[in-house]
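Below: one structure, written as structure tokens.
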Amino acid sequence: MKINVVTIFPEFFAAPLALSIPARAAAAGLVTYRVVDLRDHTHDRHRTVDDAPYGGGPGMVMKPEPFYEAIDALEPSGPIVLMSARGRRFSQADAVRFGDSFWERGLSGPSYTRPPEYRGHSVPDVLLSGDHKKIAEWRQREGERLTRERRARDAGGN
């Protein structure tokens, strides 16, 4: 998977993409990230990406030329997602449509670590039993239960 991020703040994305899950995915060769500075696709010495709005008013408006030239240079083969404060909300349906790998598979069961009891919460006995078949069955059941509960809750809008 290739993810291109076109932005006027490329430094902002360097740290998050180099940490945790995004970094592990890149190290495993599952994803490549390319952060593109929108200003690299401008043609004036000030590297201008915005201008005053026609008709006046507050603020600035992003110019179309740098964005379209950046997209043309990237030659994307997948969807283009343009984020905007005035855009529609990015939903679970959008995430599924763009390849959310956990939606179809379902959730995993809960995980526990040491200590075996903490503040009245105990690790289920089956996980302490050493019986790997029973542990696998428990994890499967719990994952299915959590998936049913969460998906029903999410479908209801809560």
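The residues of the stretch 107-158 that are under 19 Å from Gln92 (Cβ atoms) and without any contact (Cβ under 8 Å) to a residue 24 or more places away in the chain, listed by number, are Arg148, Glu149, Arg151, Ala152, Arg153, Ala155, Gly156, Gly157, Asn158.
Among the residues of the stretch 69-106, the ones that are assigned to a helix (DSSP H, G or I) and either touching a residue at least 40 places away in the same chain (Cβ under 8 Å) or under 14 Å from the mean Cα position of the chain (by Cα) (or both) come to 12 in all.
Taken as a whole, the stretch 1-21 holds at least one residue that is of a type in the set (D, E, K, R), loosely packed, with under 14 Cβ neighbours inside 10 Å, closer than 30 Å to Arg151 by Cα and under 14 Å from the mean Cα position of the chain (by Cα). Within the span defined as the stretch 107-117, one or more residues are under 30 Å from Asn4 (Cα atoms) and either outside any helix (DSSP H, G or I) or modelled with pLDDT of 85 or more (or both). One residue stands out in the stretch 59-68 among those that are outside any helix (DSSP H, G or I) and without any contact (Cβ under 8 Å) to a residue 12 or more places away in the chain: the one that is nearest to the chain's Cα centre (by Cα), namely Val61.
Residues checked against (1) among the polar types (S, T, N, Q); (2) assigned to a loop (DSSP other than H, G, I, E, B); (3) within 19 Å of Arg86 (Cβ to Cβ):
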{"residue": "Val6", "(1), (2), (3)": "no, no, yes"}
{"residue": "Phe13", "(1), (2), (3)": "no, no, no"}
{"residue": "Pro22", "(1), (2), (3)": "no, no, no"}
{"residue": "Ala25", "(1), (2), (3)": "no, no, no"}
{"residue": "Gly29", "(1), (2), (3)": "no, yes, no"}
{"residue": "Arg39", "(1), (2), (3)": "no, no, no"}
{"residue": "His46", "(1), (2), (3)": "no, yes, no"}
{"residue": "Pro53", "(1), (2), (3)": "no, yes, yes"}
{"residue": "Gly57", "(1), (2), (3)": "no, yes, yes"}
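Look at (1) at pLDDT 90 or above; (2) assigned by TED's automatic domain parsing to the domain that holds Val6; (3) not hydrophobic (A, V, I, L, M, F, W, C) and you find that Gly56 fails only one, number (1). So, Glu117, is that one loosely packed, with under 11 Cβ neighbours inside 10 Å and over 30 Å from Thr42 (Cα atoms) or not? Yes, satisfied.
Residue-wise test of (1) loosely packed, with under 13 Cβ neighbours inside 10 Å; (2) at pLDDT 85 or above.
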position: Ala70; (1), (2): no, yes
position: Ser77; (1), (2): yes, yes
position: Leu82; (1), (2): yes, yes
position: Ala85; (1), (2): yes, no
position: Ala93; (1), (2): yes, no
position: Arg97; (1), (2): yes, no
position: Phe102; (1), (2): yes, no
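Just one of the listed residues (Arg89, Arg34, Arg39) is touching a strand residue (DSSP E or B) at 6+ places or on another chain (Cβ under 7 Å) and of a type in the set (D, E, K, R), and it is Arg34.
The values are calculated or read from the model by the stated rules, or taken from the named source; none is laboratory data. Note that this is a predicted model, so its numbers are computed, not measured. Ideal geometry is used to build each Cβ from the backbone, glycine not excepted, and the neighbour counts take in all protein chains shown.
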